[in-house]
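Peer 1: Dumping the structure here so I can ask a few things about it.
The values are calculated or read from the model by the stated rules, or taken from the named source; none is laboratory data. None of the values given here were measured: they were computed from a predicted structure. All Cβ positions, even for glycine, are placed from backbone atoms using ideal geometry, and neighbour counts span all protein chains on display. These area figures cover heavy atoms from the full protein model, side chains too; ligands, DNA and RNA do not enter into them. Shrake-Rupley method; radii C 1.70, N 1.55, O 1.52, S 1.80 Å.
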Amino acid sequence: MSGKEYRTITDVKGPLVFLEKTEPVAFGEIVQLRLTDGTMKNGQVLDTSDDMVVVQVFEGTAGVDLGSSVKFMGDVFKLPVSKDLIGRILDGAGRPRDGGPAIVAEGEADIIGAAINPYSRQSPHDFIQTGISAIDCCTTLVRGQKLPIFSASGLPHNDIALQIARQAKLKGSDEEFIVVFCAMGITAEEYNFFRSDLERTGALENAVLFVNLADDPAVERLITPRLALTAAEYLAFEQDYHVLVVYTDVTNYCDALRQIGAAREEVPGRRGYPGYMYTDLAMLYERAGLVKGKKGSITQFPILTMPGDDITHPIPDLSGYITEGQIVISRELHGSGIYPPINVLPSLSRLMGGCIGEKTTREDHKSVSDQMYAAYAQGRELRGLVAIVGEDALNERDKQLLDFSGLFEDKFLRQSRDENRSIDETLDLCWDLMQNISTKYLVRLDQKWIDKYHPTEKK
Amino acid sequence: MSDENGVIYRISGPVVTATGIRSRMYEVVRVGHEGLMGEVIELHGDKSVIQVYEDTSGIRPGEPVVRTGQTLSVQLGPGLLTQIYDGIQRPLPVLEKTMGTFIERGVDADGLDLEKVWDFEATVSVGDEVAPGAVIGTVQETETIVHKVMLPPNHSGKVASIESGSFNVTQTVCTLEDGTEIQMMQKWPVRTPRPYHQKYAPDTPLITGMRILDFLFPLAKGGAAGIPGPFGSGKTVTQQSLAKYSDAQIVVYIGCGERGNEMTEVLDEFPHLIDPNTGKPLMNRTVMIANTSNMPVAAREASVYTGITIAEYFRDMGYDVALMADSTSRWAEAMREISSRLEEMPGEEGYPAYLSSRLAEFYERAGRVETLEGEDGSVTVIGAVSPPGGDISEPVSQGTLRIVKVFWGLDAGLARQRHFPAINWLSSYSLYPQSLDQWFRDNIATDFPEIRTEISSLLQVEAELQEIVQLVGSDALPVDQQLTLEVARMIREFFLQQNGFHDVDAYTGLEQQYKMAKAILTFQDSAKKALAAGGLLEDVVNVPARTNLMRDRFEPGYVDRVDGLVDEMNQQIAAAAEEN
């Protein structure tokens, strides 16, 4: 491709630059802008025709004038990939941020990423022990799953994500995960928190960080997760690593998407977000899983903050339709001082059924998990009734369930930030707590498990 | 530059504009040096607007656009069953072979295996007059399904030659006197419904084995149903149960814009599942279409049409076909995305103004028909809808509800209580009972419709009573109303809840459904008598035989034991009354 520079900008609008009279430019092509003061900026072609080319500028269009020159680089956005990525910190556009040398590429990968052929996928079924009881017992994480944290402002989702990144391992295996961490528009403070924690635990050596902070260009956020996932795919499917991708905050990503949509005067969908947001998010979330014939895997842990704690907001809503479940953080539990404040009732792991049981976790897992869930759900419901009619009006069963719901939160949910419970410890804890309910009310438990595991009634 | 072909003028995501091409609407064209597949969706002076079924990154203005002269079509013939396709009928196993794990672009693949040889058995003879759609021979396509080779709907005449033997799908098996050569494979444009003689009113239920569906909200063979529900409410599980257990002869399952792992699960599971109606692997009757959420959006738009055309083709052989589309919302969103790229004036929530007519056209391709051959065939369509935030006042849900006659409303609240299937019995409806009641009376029990009415009115009454209970607690209700609550609870826990993953419970035959419903009403009657005789509510409802009756349904052969268990329950209830 020739290195022609064009000075044919006609319009600049928000993050977009419009120019005319170019040679044929490829859709998705990478662009370099040189401003009149010599500053360089990068961009990507969003719309191309014989007459007009639309470029989105990653660093924002501040300082761009009609005299700025534009150079088309002849290729779509690619990430240089190599095993050397491990241990590095890169910025939101993939340039070193840690003062280290440029990545020596073993290859280049298109960051858009092709879809995995569903026929080539392998069903995820390996249990990941996170050491957090609420997750391991009730919304079990599976290797190759995409399980987001639905949180909201002011809640400790970062602590939970870090704890998972630190503790996650396959049961009975020392195999470590490579953590690919992708920051999208988070504050420097949050980033430092993540970074220092990874440093403190030595996890940084086994991590790749892509960082776009709140004061970095918003448009750049649209490529940051794609870079991270491209790196993850390379490490998983070319280098056989098991990769855990943590990215935060999807809400900032979606807002950047909306910004571009608005600048292009697109017809907006719900709440001003573009109509293609579902497809766009799917192109991130679906880059998880296992494929036949490859040893590695990608497990995704996206974090999103629900605006106004509203789970029906388009961002959590569309995410929930794509991801394989969700872990919902509750402000109420957080308010009552419980960490991790995971509300198991709206939380869900769609892949759990296939990965728990005798061969992977423990034979009584399903039964115990169902019973814990049901008893807690009923106990919580009774709290509403008690507020009206008083505790005395409850019958024996309801009283036990009500008390149990308190214990559930205090003993089962609550654990410290560095407490790593094995699945056996978690399940034993469940049995311990279920002693507080008469066995005749524990209808979801199979008798054979009561005989085997119940602390006082076992035979 | 030839008159026929042109060059790219503009590229905007999946929408490409070409100039210098004289194309027809909905014609398939090849775009760019890589020959990406696209379809003309708008003509504008000398510009043709094309939706491209593959990723367009890296394509430049000035690259060629080549006409094919064809509209988007599917290949129909032996080899469809057990196959899994993408949205434009490319077999996924073939794509894996040619391009590996990731779906690259610019690869063509035939929908049918053109090499595979089938045993064709002629059913007409030389000299026979054959009309359009006439069956001229058969092929044993899978263990359970006989594929009927039909004359394409636009041909007729006198058979000049025909012979049985081994052929692949492109070899001529029959010639007509006018010289037309007939192969086993025919092509049909996906956006055009296949012809039939006439549509009938449906009069047979599609039996699904799911109690709440068959008993309370039955769907007719040839009918259309919508399943709206928020995420996590069990749409996909319900659709998959229907694909597994419904008594259709052919199942077409479209995974439209859904999760990749879910399709993999179906692929892993179906070959090992046994069809309860034939005792053979389910895969034998199944065609799957998978366009996951990250696959190109235009192909998602096409996937629904690809699926229904295949369904109609099997219908034309005289089969009862069930088509599951999961989820039609993703299809509608694909339309919205394309429409917005075309800068069309939007209707509600950014959806194109033609959304509801497209939905109607699609569901209207369902129906029970007299085929061209004079046989009885049907296509039943069951579409999942994923309303944003679970709010069904949105355009796709509303557009769907205006057309379908069965509404199975999934409820996040029920799902959260782990009540599955989480179908809300108060908001769901079916408009088929009137036309199906005769069938139920003739085939199951003469009082079947009456029992259904009683069960659903009990549930209504419960809903009203629950409002009071919320305020004052159940103890404050009179005893007869407390009994009603108990009976309704039995309906919910014993009858409506069903474990789709349990070997026995996942499928319940109609006779057993009827007996279970009847058992609940019997319990109500005998409990009422016992109460009148002075029994205490607590004693009456807690008789062990009732627990047995309810629990035993998880064991095989339950249908034969129900009556005995009910008798036992009645005796114990009567005894409980006497004790006082």
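Peer 1: Hey, can you grab everything whose amide H is under 5 Å from the amide H of residue B:130? Only 5+ residues off in sequence or another chain; H modelled, so Pro and N-termini drop out.
Peer 2: B:157, B:158, B:159
Peer 1: Short version: what are the Cα gyration tensor semi-axes of the stretch A:280-341, square root of 5 times each eigenvalue, largest first, in whole Å?
Peer 2: Each semi-axis is the square root of five times an eigenvalue, giving 28, 16, 7 Å.
Peer 1: I'd like the accessible area for residue B:44, computed on protein heavy atoms only with a 1.4 Å probe and all protein chains in place. Round to 10 Å², please.
Peer 2: About 120 Å², rounded to the nearest 10.
Peer 1: So what's Rg/Rh here for chain A, counting alpha carbon atoms and using the Kirkwood radius for Rh?
Peer 2: In chain A, Rg relative to Rh is 1.04.
Peer 1: For the protein assembly as shown, take the convex hull of the Cα atoms, compute a quarter of its surface area, and give me that in nm², please.
Peer 2: About 43.9 nm², averaged over all directions.
Peer 1: A follow-up question, please. Just going by the charge dipole of the stretch B:341-401, with Lys and Arg at +1 and Asp and Glu at -1 on Cβ, which of B:381, B:393, B:366 is farthest out on the positive end?
Peer 2: Ranked along the dipole, the leading option is B:393.
Peer 1: For the stretch A:56-68, what does the Karplus curve 6.51 cos²θ - 1.76 cosθ + 1.60, with θ = phi - 60°, yield as ³J(HN,Hα) per residue in whole Hz, taken in order and with x for Gly and Pro?
Peer 2: These are the phi-based 3J(HN,Hα) values: 9, 9, 5, 8, x, 9, 4, x, 6, 10, 5, x, 5 Hz.
Peer 1: Go through A:331, A:195, B:259, B:60 and list them by solvent-accessible area, largest first, probe radius 1.4 Å.
Peer 2: Output order, biggest surface exposure first: A:331, A:195, B:60, B:259.
Peer 1: Using a 1.4 angstrom probe with every protein chain in place, what is the largest-first accessible-area order of B:102, A:237?
Peer 2: Solvent-accessible surface, decreasing: B:102, A:237.
Peer 1: Going by a ≥ b ≥ c, the root eigenvalues of the Cα gyration tensor, does the stretch A:281-395 fall in the rounded group (a/c under 1.5), the prolate group (a/b larger than b/c) or the oblate group?
Peer 2: In terms of gyration-tensor shape, oblate.
Peer 1: Using a 1.4 Å probe on the protein chains only, how many percent of the accessible area of the protein assembly as shown belongs to carbon and sulfur?
Peer 2: Its accessible area is 48 percent carbon and sulfur atoms.
Peer 1: Per residue, how many Å² of accessible area does the stretch B:537-577 show with a 1.4 Å probe?
Peer 2: About 50 Å² of surface per residue is accessible.
Peer 1: Which whole-Hz ³J(HN,Hα) couplings does the stretch B:533-540 yield from phi under the Karplus relation 6.51 cos²θ - 1.76 cosθ + 1.60, θ = phi - 60°, glycine and proline marked x?
Peer 2: Those phi angles translate into 7, x, x, 8, 4, 4, 5, 5 Hz.
Peer 1: Using heavy-atom solvent-accessible surface (probe 1.4 Å) with all chains present, what is the largest-first order of B:90, B:368?
Peer 2: B:368, B:90
Peer 1: Let me check against my output: what whole-number percent is the relative contact order of the stretch A:53-194, with C-alpha pairs under 8 Å and at least 6 apart?
Peer 2: Dividing the mean separation by the residue count of the stretch A:53-194 yields 17 percent.
Peer 1: I would also like to ask the following. Give the total of Lys-Lys pairs in the stretch A:394-459 with Cα-Cα distances below 25 Å; include a pair only if its members are 8 or more places apart or on different chains.
Peer 2: 12
Peer 1: Okay, moving on. How high is the relative contact order of the stretch B:198-320, in percent, with contacts defined as C-alpha pairs under 8 Å that are six or more residues apart?
Peer 2: Here the relative contact order equals 24 percent.
Peer 1: Heavy-atom accessible area of residue B:439 with all protein chains present, probe 1.4 Å, nearest 10 Å²?
Peer 2: 60
Peer 1: Among all the aspartates and glutamates, which ones have a C-alpha under 15 Å from residue A:83's C-alpha, if same-chain residues fewer than 8 places away are not counted?
Peer 2: Cross-link targets: A:106, A:108, A:205, A:233, A:238, A:240.
Peer 1: Moving on to the next point. Could you run the numbers on buried accessible area between B and A, total for both chains, 1.4 angstrom probe, in Å² to the nearest 100?
Peer 2: Counting both chains, the buried surface is close to 5400 Å².
Peer 1: Per q in 0.14, 0.21, 0.28 1/Å, what log10 I(q)/I(0) does a Debye calculation on the alpha-carbon atoms of the stretch A:201-277 return?
Peer 2: The Cα Debye sum returns log10 ratios of -0.57, -0.95, -1.27.
Peer 1: Next question. When ligands, DNA and RNA are left out and all protein chains stay put, how many square angstrom of accessible area per residue does chain A have with a 1.4 Å probe?
Peer 2: 36
Peer 1: Right, next: Mean residue ellipticity at 222 nm from the helices of chain B, using -39,500 (n - 2.57) per DSSP H segment of n ≥ 4 over the full residue count, to the nearest 500 deg cm²/dmol?
Peer 2: -10500 deg cm²/dmol
Peer 1: Non-local amide H neighbours of residue B:74 (under 5 Å, H modeled in plane, Pro and chain starts lacking H): which ones?
Peer 2: Under 5 Å from the amide H of residue B:74: B:188, B:190.
Peer 1: Summarise the long-distance tail of P(r) for the stretch B:148-189 by giving the % of C-alpha pairs beyond 17 Å.
Peer 2: 25
Peer 1: In whole angstrom, and with the biggest value first, how far do the Cα coordinates of the stretch B:212-369 range along each principal axis?
Peer 2: 52, 35, 31
Peer 1: Do any residues of the stretch B:281-309 lose at least 20 Å² of accessible area when the full set of protein chains is present rather than just their chain alone, and if so which, with a 1.4 Å probe?
Peer 2: Buried by 20 Å² or more upon assembly, which counts only protein chains, are B:293, B:294, B:295, B:300.
Peer 1: Separate question: Going by a ≥ b ≥ c, the root eigenvalues of the Cα gyration tensor, does chain B fall in the rounded group (a/c under 1.5), the prolate group (a/b larger than b/c) or the oblate group?
Peer 2: prolate
Peer 1: To continue, here is another question. What Kirkwood hydrodynamic radius, in Å, does the stretch B:369-486 give when the mean of 1/r is taken over all pairs of distinct Cα atoms and then inverted?
Peer 2: For the stretch B:369-486, the Kirkwood estimate is 17.8 Å.
Peer 1: Also, quick follow-up: At 25 °C and 0.890 mPa s, grab the translational diffusion coefficient of the stretch B:27-66 from Stokes-Einstein with a Kirkwood Rh over Cα pairs, rounded to a whole number in µm² per second.
Peer 2: 238
Peer 1: If amide H atoms are built 1.01 Å from N in the plane of the peptide, which residues on other chains or at least 5 residues away come under 5 Å of the amide H of residue A:81?
Peer 2: A:106, A:107, A:108, A:109
Peer 1: Could you tell me what percent of the DSSP beta bridges with both partners in chain B are antiparallel, to the nearest 5?
Peer 2: Counting only bridges with both partners in chain B, antiparallel ones make up about 70 percent.
Peer 1: Something else now. How high is the relative contact order of the stretch B:17-94, in percent, counting Cα pairs under 8 Å that sit 6 or more residues apart?
Peer 2: That works out to 30 percent.
Peer 1: If only Cα atoms are counted, what is the Rg of the stretch A:143-228, and what is its Dmax, in Å?
Peer 2: 13.6, 43
Peer 1: Sequence neighbours fewer than 8 away in the same chain don't count; with that in mind, list the lysines whose C-alpha is under 28 Å from residue A:21.
Peer 2: A:4, A:13, A:41, A:71, A:78, B:47
Peer 1: Moving on. Give, in nm to one decimal, the length gained when the segment between residue B:160 and residue B:348 is fully stretched (0.36 nm per residue of separation minus the Cα-Cα distance).
Peer 2: 62.0 nm
Peer 1: Same structure, new question: When all protein chains stay in place, what accessible area (Å², nearest 10, 1.4 Å probe) is found for residue A:18?
Peer 2: We get 40 Å² for residue A:18.
Peer 1: Relative to the isolated chain, which residues of the stretch A:367-415 have their accessible area cut by 10 Å² or more in the presence of all protein chains (1.4 Å probe, heavy atoms, no ligands or nucleic acids)?
Peer 2: When all protein chains are present, A:373, A:381, A:385, A:388, A:389 each give up 10 Å² or more of accessible surface.
Peer 1: Please list 3J(HN,Hα) in residue order for the stretch A:9-24, calculated via the Karplus relation 6.51 cos²θ - 1.76 cosθ + 1.60 where θ = phi - 60°; whole Hz, with x for glycine and proline.
Peer 2: 5, 9, 9, 10, 9, x, x, 9, 10, 10, 9, 10, 6, 10, 6, x
Peer 1: Another question, if that's okay. Near residue B:221, which lysines are there with a Cα under 25 Å away, not counting those fewer than 8 places off in the same chain?
Peer 2: B:148, B:199, B:235, B:244, B:280, B:405, B:515
Peer 1: Something else now. What shape does the stretch A:390-459 have by the C-alpha gyration tensor, where a ≥ b ≥ c are the square roots of the eigenvalues, rounded means a/c under 1.5, and otherwise prolate means a/b greater than b/c and oblate the rest?
Peer 2: Oblate, since a/c reaches 1.5 and b/c is not below a/b.
Peer 1: Quick check for you: with a 1.4 Å probe and neighbouring chains kept, what is the accessible area per residue of the stretch B:330-420, in Å²?
Peer 2: Per-residue accessible area for the stretch B:330-420 comes out at 34 Å².
Peer 1: At 7 Å along Cα-to-Cβ for each site, give me the label-to-label distance between residue B:192 and residue B:559 in nm.
Peer 2: Between residue B:192 and residue B:559, the simple spin-label model gives 4.5 nm.
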